[in-house]
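Please treat every number below as a calculation from the coordinates, not as lab data. Treat the numbers as computed from the prediction; the structure is a model and nothing was measured. Quick reminder, even Gly has a Cβ in these numbers, built from the backbone with ideal geometry, and neighbours come from all protein chains shown.
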Amino acid sequence: MRRLDQLLANLGYCSRREARAWIEASHVTVGGAVAEDYGQKARPADVRVDGEPLDHPDGLLLLVHKPAGLVCSHDEREGPNVYSLLPPRWRQRNPQVTSIGRLDKDTTGLLLLTDQTALVHRLTSPKHKVPKVYRATVDRELTPDLIPLFASGALQLDGEKEPCRPAGLKITTPREAELTLTEGKYHQVRRMFAAAGRTVLTLHRARFGELELGELPTGQWRELPLDFFAPDRAD
Ligand code: URA
């Protein structure tokens, strides 16, 4: 059960003050009866605003095809962000919709967004070893000696305490490769290739665990069930 004014504000409908005004103006019903008191507690599933059920009252989990040029930070000073792809109401939710891990501004591909704070912590924890597959193009020819280097579990990046976990490198063309990581250090793919004397020119995340983008166009998202990563389903 949640307080009505808080519920509407947290789901991004309006401010708490505006929610109180809406409730007083009879826009909100609970179980079919007009709500009289903004402090009233209700089950989200019983609430209607102007006759409409609430917008994703239990939470959001989205798979986004991230375009280049958008950051994952909410800080407007860092430039346009991936949240600008979402409907305005979803951008006003509290807890905030945020990315599960980050992709760099210039990286494209599969990004997960959610308002489920515990899920963000779980999936970004070092304990969580879900494989993520990146496709990179680089400036110089990729040679087979990089395969054991990346697989060694001994590649040390500047400023990191621990070496990189063993990573799978598949060279697909002379300057293109697929790299599978089970961790997410800052700028990890770019730094791993840099440690091997290559500069990453383009980077795309193709997979996150079992998830792939499929036909999802750039800039679009699709919803995942909230229990998609429930421990018995995905770990
Ligand atoms: N590694 C990077 O270097 N950049 C990303 O965006 C993701 C992984």
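Averaging the sequence gap over all C-alpha pairs within less than 8 Å and six or more residues apart, then dividing by the number of residues, gives the chain a relative contact order of 19 percent. Applying a DSSP loop filter and a limit of 13 other Cβ atoms within 10 Å to the GluC sites (Glu not before Pro) in the stretch 177-211 leaves Glu210. Helical content of the chain, expressed as a calculated mean residue ellipticity at 222 nm, amounts to -4500 deg cm²/dmol (DSSP H runs of 4 or more residues, -39,500 (n - 2.57) each, divided by residue number, nearest 500). If you count Lys pairs in the chain whose Cα atoms are under 24 Å apart, skipping same-chain pairs closer than 8 places in sequence, the total is 18.
Per residue, the Cα convex hull of the stretch 110-214 amounts to 107 Å³. With the Cα gyration tensor of the stretch 2-53 giving a ≥ b ≥ c as the square roots of its eigenvalues, does the rule (a/c under 1.5 for rounded; else a/b larger than b/c for prolate; else oblate) give rounded, prolate or oblate? Judged from the Cα gyration tensor, the stretch 2-53 comes out rounded (a/c under 1.5). Here the relative contact order of the stretch 132-208, from alpha carbon pairs under 8 Å that lie six or more residues apart, stands at 45 percent. Note that the chain, at 10 °C in a medium of 1.306 mPa s, gets a Stokes-Einstein diffusion coefficient of 79 µm²/s from its Kirkwood radius over C-alpha pairs.
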